[in-house]
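The values are calculated or read from the model by the stated rules, or taken from the named source; none is laboratory data. Just so you know, these numbers come straight off a predicted model, no measurement behind them. All Cβ positions, even for glycine, are placed from backbone atoms using ideal geometry, and neighbour counts span all protein chains on display. For the accessible areas, the whole protein counts, side chains as well, though only heavy atoms, and no ligand, DNA or RNA atoms are used. Shrake-Rupley method; radii C 1.70, N 1.55, O 1.52, S 1.80 Å.
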Amino acid sequence: MTADYKGPWPRKPLGEVAAVGSGYAFKSSEFRERGIPAIKIKNVRVGHVDLSAAECVDEKYLSLAERYHVRPGDVLISLTGSHMSQPNSVVGRVARHSADHPECLLNQRVGKVIIRDSSKSDLCFLYYALSEQDAVRAIAMKAHGAANQANVSPAQVESVEIPLPPQPVQQRIAGILSAYDDLIETNQRRIKILESMARTLYCEWFVHFRFPGQEYHPRVPSPLGDIPKGWQVKRVGDVFQTVLGGTPSRARPEFWEGGTVPWINSGKVNDLRITEASEFITALALEKSAAKVMPVGTTVLAITGATLGQVSYLEIETTANQSVVGIVDPTELRSEWIYLTVRERIEGIIKHASGGAQQHINKEIVNDVLVGLPPASLAKDFKQVVAPMFREVATLLFQIQNLRRTRDLLLPRLVSGQIDVEAIAS
């Protein structure tokens with residue numbers, strides 16, 4: 001440990017070094033599909049800003065004061081959200097605006113951290129300090145309101161105490177943790193490219209029918225419209241094995257305590273690929289309940305509730321709850337193909353949903369989906385091209401998983417001063 005090491009660091013209110021400014025109160029009538037993205041609460045995820053479903057406002061609003069503008073590197077806080085029991089939507093979750101994102105504007109109920117004196121405080125360090133679980137918990141504890149509509153004010157966020165080492169130490173801590181996040185972002189960009197390549201090839205071959213040798217396959221009528229001659233129209237259930245998940249009884253501790261068998265809930269199907277379990281069940285639970293093991297390469301589909309229509313792909317062997325249907329190719333020849341097919345066809349599949357507030361489909365609806373099955377030779381050619389892409393995506397996702405775990409282990413120790421940053425840097 002170095003001689004000038006002074007940790008653990010004193011804790012002071014955030015407001016001593018930074019202000020939290022809230023967003024502009026845009027009217028609902030001012031939102032549109034194109035223009036300048038306006039960051040709402042829904043766009044503030046844990047650790048990042050998600051603009052995939054962002055609403056926009058007219059460019060005239062670029063004349064708003066600087067405090068309403070969001071630029072790469074800015075740190076944002078959700079001022080409305082759920083309580084601590086729902087970490088992905090918790091009030092006070094912190095995000096950093098990515099360098100890949102355009103300039104945006106800030107909507108009300110989203111806070112922006114504004115440094116009071118840049119010679120004394122580092123914004124990147126404050127992002128990590130506010131991301132640490134003690135800070136997240138402290139903000140959530142100050143919130144008031146219903147379970148899914150808890151509110152916190154900018155002043156309350158500013159009153160939260162965080163560790164505050166000298167600025168040079170703040171910068172070293174931020175540099176160490178940012179290195180992990182930079183690697184994560186690099187991997188995520190590579191994943192997006194690989195995913196786009198696989199989907200583009202799928203559409204070219206199996207939607208537009210521009211596959212190698214297409215000139216030898218004239219189109220013929222079918223229940224799916226004109227398809228290449230030699231292709232077959234089949235029910236998913238006639239070609240693939242479909243598996244409905246199940247949840248072992250929570251009243252039976254022996255089904256859960258000390259479990260080693262991976263189990264996922266339907267919320268996990270929101271992930272691009274499934275690389276880790278939600279929980280673990282026991283071998284006894286697997287024997288005595290409706291839970292069934294689904295192999296690597298299974299396409300999983302959420303069939304009810306808020307996650308209805310989400311599609312993912314298993315990179316681990318796992319069981320699932322009853323809100324998930326797995327589609328398994330016993331031959332493994334069309335594992336990637338059926339995943340991309342379901343992704344392409346999902347809007348049509350969920351049109352068969354029934355129910356009131358809790359819309360759902362069932363396993364039989366999935367079994368009855370008609371697909372245009374290409375010949376085995378073409379399926380093999382496709383697999384040879386896309387399977388390496390899928391493997392690379394999986395490798396990158398597992399790397400991200402490990403990077404996040406390491407970063408999350410280091411974060412509280414570095415921020416609080418339990419670890420000497422000089423010792424790491426040397």
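At a glance:
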quantity: Number of positions in the stretch 225-264 that are in a strand (DSSP E or B) and touching a Pro at 6+ places or on another chain (Cβ under 7 Å); calculated: 2
quantity: Pair list, Cβ < 6 Å and 6+ apart or interchain, from the stretch 30-42 residues that are under 22 Å from V91 (Cα atoms) and surrounded by fewer than 20 Cβ atoms within 10 Å (Cβ to Cβ) to residues that are modelled with pLDDT of 95 or more and of a type in the set (G, A, S); calculated: I41/S78
quantity: Helices (runs of 4 or more DSSP H) enclosed by the stretch 271-376 - at least 1 residues per element that are among the charged types (D, E, K, R), out of contact with any strand residue (DSSP E or B) (no Cβ under 7 Å at 6 or more places or on another chain) and more than 18 Å from V236 (Cβ to Cβ); calculated: 283-288
quantity: The lone exception for V160 - which of (1) over 24 Å from the mean Cα position of the chain (by Cα); (2) under 26 Å from Y61 (Cα atoms); (3) of a type in the set (A, V, I, L, M, F, W, C) it fails; calculated: (2)
quantity: Total residues in the stretch 117-150, condition open to solvent by 40 Å² or more (accessible area, probe 1.4 Å) and modelled with pLDDT under 95; calculated: 15
quantity: Counted residues, the stretch 216-261 - those being open to solvent by 30 Å² or more (accessible area, probe 1.4 Å) and either within 29 Å of the chain's Cα centre (by Cα) or among the charged types (D, E, K, R) (or both); calculated: 17
quantity: Filtered residues of the stretch 181-224 (kept if of a type in the set (A, V, I, L, M) and in a strand (DSSP E or B)); calculated: V220
quantity: Identity of the residue in the stretch 264-295, under 23 Å from L396 (Cα atoms) and of a type in the set (D, E), that ends up modelled with the lowest pLDDT; calculated: D271
quantity: Condition check for V311: more than 29 Å from P253 (Cβ to Cβ) and open to solvent by 50 Å² or more (accessible area, probe 1.4 Å); calculated: no
quantity: Every residue from the stretch 46-63 that is under 25 Å from the mean Cα position of the chain (by Cα), surrounded by 14 or more Cβ atoms within 10 Å (Cβ to Cβ) and not in a strand (DSSP E or B); calculated: V46, D50, L51, A54
quantity: Single condition Y202 does not satisfy, out of (1) within 20 Å of L340 (Cα to Cα); (2) hydroxyl-bearing (S, T, Y); (3) touching a strand residue (DSSP E or B) at 6+ places or on another chain (Cβ under 6 Å); calculated: (3)
quantity: Residues that are among the β-branched types (V, I, T) and surrounded by fewer than 21 Cβ atoms within 10 Å (Cβ to Cβ), drawn from the stretch 343-368; calculated: I346, I349, I350, I365
